[in-house]
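Peer 1: Sharing a structure here in structure tokens format.
Each reported figure results from applying straightforward, stated rules to the coordinates on display, with no laboratory input. All values derive from a computational prediction rather than experimental measurement. Note: ideal-geometry Cβ built from the backbone for every residue, glycine included; neighbour counts use all protein chains shown.
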Amino acid sequence: MSTHTTLPTKGFGMANKVTVSAADAAADEVIVDFQVEYELAAVVSVADSLGALRAQTDMAVDYPAVGQVRIVNNGLKEAILLANELKALINAHLIDALAHVTAIDEANTVTAAAATTFATLLTLGDDILNSYDVHDDDAELASAWVYHAAQETGDHSPSDVTALTTIAEVTTQLNDLKAKYDAHDADATAHDSAGSDHQSTAGDIGSSFAFTENDVVTVVADIDSDAN
């Protein structure tokens with residue numbers, strides 16, 4: 001993914017058209033940097049290479065830094081919902097004394113703030129992945145458990161805890177974490193079954209559309225009077 005830089009066209013108003021690159025399509029997001037020192041509010045449209053417009057409900061707009069506009073697929077909203085739910089569930093699971101009959105886990109609390117934007121989603125997602133992974137390591141042991149009653153009955157480790165950078169990575173890794181966490185929480189061998197009730201109810205992160213190379217993104221932005 002690359003950041004597409006441009007400059008205001010006149011006064012505070014600005015507009016830019018970006019042709020989606022292969023790297024943008026792989027990351028499933030486009031960033032336009034207007035190189036100004038104030039917060040923006042933007043209206044965005046996306047058309048395919050033949051000019052057919054995407055539905056506005058398929059995309060989400062985020063502002064990752066001052067002067068920047070980011071366009072991602074609508075999975076961002078679902079990802080924020082799932083990440084915030086997993087934070088609450090995992091933290092409740094860790095200190096559930098009915099489930100953790102050896103000792104509760106106060107060392108691996110998820111401390112990152114609730115996600116509200118793409119940037120805060122990445123921070124929370126990384127914290128959730130790593131906190132849960134360390135906690136689950138204890139259940140993988142054959143003996144000498146710090147928190148768990150016995151070795152887990154299956155492999156509930158996250159498939160990937162690499163630092164998150166794109167919505168595509170968030171989708172893959174948090175969907176995987178949801179499944180692995182639910183299985184760990186419900187594992188009645190590693191836990192007392194009476195305490196294993198912190199199950200996720202949020203849906204998996206989907207993708208309303210995926211960027212395709214040569215799509216055209218039009219961004220019309222102006223100063224955000226509420227933020228400046």
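Peer 1: Of the candidates L76, L141, L94, which one comes out as most mobile in a Gaussian network treatment of the chain with C-alpha springs shorter than 10 Å?
Peer 2: L141
Peer 1: Tell me what the chain gives for mean residue ellipticity at 222 nm when only DSSP H runs of n ≥ 4 count, each as -39,500 (n - 2.57), the sum divided by the residue total, rounded to 500 deg cm²/dmol.
Peer 2: Result for the chain, helices only: -10000 deg cm²/dmol.
Peer 1: Relative contact order of the chain, please, whole-number percent, based on alpha carbon pairs below 8 angstrom and at least 6 residues apart.
Peer 2: In percent, rounded to a whole number, it is 32.
Peer 1: About the Cα centre of the stretch 1-81, what is the dipole size in debye to 20, counting +1 per Lys and Arg Cβ and -1 per Asp and Glu Cβ, all else neutral?
Peer 2: Using only the charged Cβ atoms, the result is roughly 240 debye.
Peer 1: Of the options A42, I31, Y63, report the single residue whose Cα projects farthest towards the positive end of the charge dipole of the stretch 3-69 (beta-carbon charges: Lys, Arg +1; Asp, Glu -1).
Peer 2: Of the listed residues, the answer is A42.
Peer 1: Can I ask one more? Please list 3J(HN,Hα) in residue order for the stretch 133-138, calculated via the Karplus relation 6.51 cos²θ - 1.76 cosθ + 1.60 where θ = phi - 60°; whole Hz, with x for glycine and proline.
Peer 2: 4, 5, 4, 5, 3, 5
Peer 1: At what distance in angstrom do the alpha carbon centres of the stretch 67-137 and the stretch 153-228 lie from each other?
Peer 2: If we compute the Cα centre of each part, the gap is 9 Å.
Peer 1: Give me, ordered by chain and number, the residues 5 or more places off V101 or on other chains with an amide H under 5 Å from its own placed amide H.
Peer 2: A149, D192
Peer 1: To the nearest 20 Debye, how big is the dipole of the stretch 76-195 about its Cα centre, given +1 on the beta carbon of each Lys and Arg and -1 on that of each Asp and Glu?
Peer 2: I would put it at about 400 debye.
Peer 1: OK, next. Mind listing the phi-derived Karplus ³J(HN,Hα) values for the stretch 83-98, rounded to whole Hz, using 6.51, -1.76 and 1.60 with θ = phi - 60°, and x for any glycine or proline?
Peer 2: 4, 5, 5, 5, 4, 5, 5, 5, 5, 5, 4, 4, 9, 7, 6, 6
Peer 1: Read phi for every residue in the stretch 27-37 and hand back ³J(HN,Hα) as whole Hz from Karplus 6.51 cos²θ - 1.76 cosθ + 1.60, θ = phi - 60°, with x for Gly and Pro.
Peer 2: Going residue by residue, I get 7, 6, 7, 10, 10, 10, 10, 7, 6, 10, 9 Hz, with x marking Gly and Pro.
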